[in-house]
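> Handing you this structure, nothing more for now.
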Amino acid sequence: MSMNTAYIHTLYAYDRWANARVLEAAAKLAPGEFTKNLGSSFASVRDTLVHILSGERVWLARWKGAAPAGMLEAERFPSVDMLRVAWAELEAELAVFLAALDDQRLQAVVPYRTLAGAPQAQPLWQQMAHLANHSTYHRGQVATLLRQLGAQPIGTDLIAFFREQAGSDAAARS
């Protein structure tokens, strides 16, 4: 099994779209709600979002040949605005990486070390698919946390992204 760059580009466009939507929903929280410990896998909405951002940073660093030492500390991000700035920087770096990607590179086995230092290696496309799935999983957790706070989550299903893109394409053709 393999994957091509066209699909990876679509998958990562979806990831950017979904991250922006979840940040939009989180921005409506009061500061105390954003950081409130709700006893989930990651204590708060903020902590879960920082985990998603951290995962994306760690994997991109690995794909560029680095061995990151750890995840970001949630306390560095007391507000959604600070998260948005960090995410914008990461997305710019990821865009450069994606622009240089080709199908041959996607099939290449990329070695890396886990945060615990264990050596691993899989084809790049598997690592990239994993990361998109990882982010989706934790955005689902954020939706639950938002509901627990009485806030309204925003849908981030992949099909909603495809529908919105189809609508944008239709509007552009009109």
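Only the coordinates and a few stated rules stand behind these numbers; no lab work does. Since the model is a prediction, treat every value here as computed from it, not as a measurement. Ideal geometry is used to build each Cβ from the backbone, glycine not excepted, and the neighbour counts take in all protein chains shown.
> With r defined as the distance between the Cβ atoms of GLU24 and ALA118 and R0 fixed at 35 Å, what FRET efficiency is calculated, to the nearest 0.05? Spell out each step's value before the answer.
On the way: r = 37 Å, r/R0 = 1.05.
Computed FRET efficiency for GLU24 and ALA118 comes out at 0.45.
> At q = 0.12, 0.14, 0.19 Å⁻¹, what log₁₀ I(q)/I(0) does a Debye calculation on the Cα points of the chain give, no solvent, two decimals?
With one equal scatterer per Cα and no solvent, log10 I(q)/I(0) is -0.59, -0.80, -1.30.
> What ratio of Cα Rg to 2.2 N^0.38 Å holds for segment 50-95? Show your work: numbers first, answer last.
Details: Rg = 10.6 Å, N = 46, 2.2 N^0.38 = 9.4 Å.
Compactness ratio reported: 1.12.
> Roughly how big is the chain's charge dipole about its Cα centre, with Cβ charges of +1 (Lys, Arg) and -1 (Asp, Glu), in debye to the nearest 20? Write out the running numbers ahead of the final one.
Working: 16 positive and 16 negative charges, 38 e Å.
Dipole size: approximately 180 debye.
> For segment 70-166, count all C-alpha to C-alpha pairs, find those more than 22 Å apart, and express that count as a whole percent of the total. Could the numbers behind the result be given before it?
Details: 2309 of 4656 pairs.
In whole percent, the share of Cα-Cα pairs in segment 70-166 beyond 22 Å is 50.
> Okay, moving on. Which whole number in µm²/s is D for segment 100-141 by Stokes-Einstein, with the Kirkwood Rh taken over Cα pairs at 37 °C and 0.692 mPa s? Walk me through the numbers before you get to the answer.
On the way: Rh = 11.5 Å.
It comes out at roughly 286 µm²/s.
> Here's something else I'd like to know. If amide H atoms are built 1.01 Å from N in the plane of the peptide, which residues on other chains or at least 5 residues away come under 5 Å of the amide H of GLN122?
Under 5 Å from the amide H of GLN122: VAL110.
> Efficiency by 1/(1 + (r/R0)^6): what FRET value for PHE97 and ARG163, r their Cβ-Cβ distance, R0 = 41 Å, to the nearest 0.05? Please report the intermediate quantities before stating the final value.
Values: r = 27 Å, r/R0 = 0.67.
Once rounded, the FRET efficiency stands at 0.90.
> Another question, if that's okay. Among ALA43, ILE8, GLN152, pick out the residue whose Cα is farthest towards the positive end of the charge dipole of the chain, where Lys and Arg carry +1 and Asp and Glu carry -1 on C-beta, about the Cα centre.
ALA43
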